[in-house]
Amino acid sequence: MNGLFTILDAPAAPAIGWDDLGGILPVLVLLATGSLALVLDLFLKEEASPPVPAGKWPLSFVSLLGTAVAGALLCGHIGAAGKPWSGFLGAVQVDLFSDAIGLIVVLGAAFCLLGAGDALRRRGIEQGEFHALVLYAAASMVLFVQSASLVMVFLSLEALSMAVYILTAFQRDEKRAVEGGLKYFVLGGLSSGFLLLGLAFIYGATRSTNLTDIAGALAGGQPPADSSLLVAGLGLTLIGLAFKVGAFPFHAWVPDAYEGAMSVVTGFMAVAVKAASFGVLLRVAVLFGGAGASGPGSPEARGALLAGISGLAVVTMIFGNLAALAQSSAKRMLAYSAIAHTGYLLVGAVSAMEARPGGEQAAGAGLLFYLFPYALMSLGAFICLSHLGEGAEDRESIDSLRGLAERHPAHALALLVIMVSFAGIPPTAGFWGKLFIFREAIATGHWELALVGILTSIVSVYYYLRLVVAMYMLPQEGGLPAPSLEARIGGKLALAIAAIAVVLVGLFPGIFFQISAACALR
Amino acid sequence: MSTGFLPLLLQAAPAAASAGQVGLTHYLVVSAIVFGLGLLVVITRRNAIALLMGLELLLNSVGLNFVAFAKFATRDAVDGQVITIFLIVIAAAEASLALAITLNIFNNLNTVEVDEARSLKG
């Protein structure tokens, strides 16, 4: 009952064994590959200038192999419909939900690493630390979603945040990168403070550090020792997580960190950090505020969480979409659109809280389905900006994309598919994602959230299509060099995979929705 | 056991004071003050090093909270104290990271005043 450290009181209790390590094998693979990349970098010679196209290809190869193995392990677990498993004395809980989120995180890392080789080489900073940090961040994110104890939540959150702070400021002679890193660090540290205080209050109110134990006691009709303290703790935890997912009004770091970081890193942040944080947000929301789960133990907690998340969803959808309208930089526009998509995902979290365990609707199926095409679209878009870049600059302003269709028709077509999908025009993947999320919201009685979502996504069509108009209908502005892209295989591959996958998910949404429903929280 | 935070505070304070002992409430009040000061520093100071000190105050006030809850709320568990040890380690790691970023800010801008870092529009 007392959680993680009961073992200190009872020496006969089972200790941590090999089984525990086997359970988190994907995480260990990511960590080991990251360390391997660090060591491997020592044996790779710095190439003389001009940088050869291949550069330090073994680094990318090894780290991509690591993500492939980790992804295959996670897929295998989902395919075998593995039973929920809990290890490390209840600190880690592995289930299909954590596998699915982990898969999206690993996908983000793999795409980032595919595009990174070229982006780093152009800047002359192709170092093993980058690959290692991406892999360490991915490992911490998978652990973050798997954590079932307050200690694990906090430790993995800090580990993933620190890796991402460094990745943001990785280009350390670039003013904007360092500045973005500083802003991300200060606001991220502040949000960690709130989240930690929330965890301390939850601990004080319930006398336990194990989330499953706490929620089980509440569901069993056992009121918390101090229920207003529990509500305060959950509120602070929600604020901390809202910072991490970039919900309005806790979004201030998003545009700056997204703009300052290299575009490949921005893609990784937009996908992996958000997916992992939403995984934990959904778990906490359903454990403490789910329709059936929270039971008679603490109705106040459910009310507070429901009101908080619905409110965040509405203001985030409205703010993100309106602010994106005014941007002239494509990268910044995508950053605000990432805030808007956080709003749609929050709607999915609200309907997940209404789903009854064992009922017809699985909690969070819509959110999980949405995350997958969202991941593909964001990664594709940000990698395209990086791919078209020159020197230390990525292709960032909307004007610089003018006339792209004439010079690079394939890239323009891929970006067109992604933008149409972002806007939610049928029959693309983005359309189905929004449809499932809003359908769930209406089915659970939150039609007002669906209404706001539909209206704001109509607004969003304008700014996504602005990019398409620039690429296809406006003449090129003079002066901008067209980089030769022959050598940039990784970015090309990533962009092609993302665009084709967006089309495929759009054509066969049923299969992917079934997988999401199977992986949803039980 | 009381069901509200405020009633708990109000009951505990005079009881502890009359016994001449330091109770849970005292720890929570000190922790709240330190957290508030940390927040104030982060909001008002514009020097990167001072910001870092504010963040450290936040983390340490939470550590105090955990230890207090471990001592007074759960009598037979050391969970809170162990969390605090982790917290101290994390705070050290965070400090080194923050100093590294600050050093890079100084190298690029020749100052550690964050108001000078405004090439991004936010």
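Values as computed for the structure displayed
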| item | result |
| --- | --- |
| Contacts under 7 angstrom Cβ, first residue in segment A:487-509 being within 16 Å of A:Gly55 (Cβ to Cβ), partner among the polar types (S, T, N, Q), 6 or more apart | A:Gly490/A:Ser60; A:Gly491/A:Ser386 |
| When residues of segment B:90-114 are limited to those that are among the small types (Gly, Ala, Ser) and facing chain A (nearest Cβ under 7 Å), the one farthest from A:Lys175 (Cα to Cα) | B:Ala93 |
| Filter pass, B:Phe86 being under 30 Å from A:Lys175 (Cα atoms) and without any contact (Cβ under 8 Å) to a residue 12 or more places away in the chain | no |
| Yes/no for A:Ala242 being surrounded by 24 or more Cβ atoms within 10 Å (Cβ to Cβ), away from chain B (no Cβ under 11 Å), part of a loop (DSSP other than H, G, I, E, B) and in contact (Cβ under 8 Å) with a residue 60 or more places away in the chain | no |
| When residues of segment B:62-89 are limited to those that are closer than 22 Å to B:Ile33 by Cβ and within 7 Å of chain A (Cβ to nearest Cβ), the one surrounded by the fewest Cβ atoms within 10 Å (Cβ to Cβ) | B:Ala73 |
| Only one of A:Ala261, A:Ala177, A:Ala270 that is touching a residue at least 60 places away in the same chain (Cβ under 8 Å) and out of contact with any Gly (no Cβ under 7 Å at 6 or more places or on another chain) | A:Ala270 |
| Residue in segment A:27-49 that is among the aromatic types (Phe, Trp, Tyr), more than 19 Å from A:Lys492 (Cβ to Cβ), under 24 Å from the mean Cα position of the chain (by Cα) and part of a helix (DSSP H, G or I) present | no |
| Test: A:Val280 is crowded, with 24+ Cβ neighbours inside 10 Å, under 30 Å from A:Leu493 (Cα atoms) and either in contact with a helix residue (DSSP H, G or I) (Cβ under 8 Å, 6 or more places away or on another chain) or away from chain B (no Cβ under 11 Å) (or both) | no |
| Residue within segment A:150-157 that is surrounded by fewer than 24 Cβ atoms within 10 Å (Cβ to Cβ), under 22 Å from A:Glu259 (Cβ atoms) and facing another protein chain (nearest Cβ under 10 Å) present | no |
| Any pair with Cβ under 8 angstrom, 6 or more apart, that starts in segment A:70-81 at a residue that is over 14 Å from A:Val27 (Cα atoms) and ends at one that is of a type in the set (A, V, I, L, M, F, W, C) and assigned to a helix (DSSP H, G or I) | A:Ile78/A:Leu96; A:Ile78/A:Ala100; A:Ile78/A:Leu103; A:Ile78/A:Ile515; A:Ile78/A:Ala518; A:Ile78/A:Cys519; A:Ala81/A:Leu96; A:Ala81/A:Ala518 |
| Top-ranked residue of segment A:172-182 - restricted to ones that are crowded, with 24+ Cβ neighbours inside 10 Å and either more than 7 Å from chain B (Cβ to nearest Cβ) or over 20 Å from the mean Cα position of the chain (by Cα) (or both), ranked as nearest to B:Leu58 (Cα to Cα) | A:Leu182 |
| Selection count, segment A:93-122, where residues are among the hydrophobic types (A, V, I, L, M, F, W, C), out of contact with any Leu (no Cβ under 8 Å at 6 or more places or on another chain) and part of a helix (DSSP H, G or I) | 5 |
| Candidates A:Leu379, A:Leu416 - the one that is free of Cβ contacts under 8 Å to residues at least 60 places away in the same chain, of a type in the set (A, V, I, L, M, F, W, C), part of a helix (DSSP H, G or I) and out of contact with any Pro (no Cβ under 8 Å at 6 or more places or on another chain) | A:Leu416 |
| Condition met for A:Gly128 (within 15 Å of A:Ala261 (Cβ to Cβ) and touching a residue at least 24 places away in the same chain (Cβ under 8 Å)) | no |
| Residue match in segment A:349-370 (condition: under 20 Å from A:Leu465 (Cα atoms) and touching a residue at least 24 places away in the same chain (Cβ under 8 Å)) | no |
| Some residue of segment A:93-109 being modelled with pLDDT under 85 and more than 19 Å from A:Ala365 (Cβ to Cβ) | no |
| Every residue from segment A:354-376 that is part of a helix (DSSP H, G or I) and either within 23 Å of A:Val271 (Cβ to Cβ) or modelled with pLDDT of 85 or more (or both) | A:Ala365, A:Gly366, A:Leu367, A:Leu368, A:Phe369, A:Tyr370, A:Leu371, A:Phe372, A:Pro373, A:Tyr374, A:Ala375, A:Leu376 |
| Those helices (runs of 4 or more DSSP H) lying entirely in segment B:17-119 with at least 1 residues out of contact with any helix residue (DSSP H, G or I) (no Cβ under 7 Å at 6 or more places or on another chain) and more than 26 Å from A:Thr206 (Cα to Cα) | B:24-44, B:79-109 |
| Residue list for segment A:10-26, filter: assigned to a helix (DSSP H, G or I) and at pLDDT below 90 | A:Trp18, A:Asp19, A:Asp20, A:Leu21, A:Gly22, A:Gly23 |
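Conditions (1) more than 8 Å from chain B (Cβ to nearest Cβ); (2) under 19 Å from B:Ala50 (Cα atoms); (3) not polar (S, T, N, Q), marked per residue:
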{"position": "A:Met162", "(1), (2), (3)": "no, no, yes"}
{"position": "A:Phe170", "(1), (2), (3)": "yes, no, yes"}
{"position": "A:Leu187", "(1), (2), (3)": "yes, yes, yes"}
{"position": "A:Ser191", "(1), (2), (3)": "yes, yes, no"}
{"position": "A:Phe201", "(1), (2), (3)": "no, no, yes"}
{"position": "A:Leu211", "(1), (2), (3)": "yes, no, yes"}
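The values are calculated or read from the model by the stated rules, or taken from the named source; none is laboratory data. What you see is a predicted model; the values in this text were computed from it and never measured. Please note: Cβ atoms are built from the backbone with ideal geometry, for glycine as well, and neighbour counts cover all protein chains shown.
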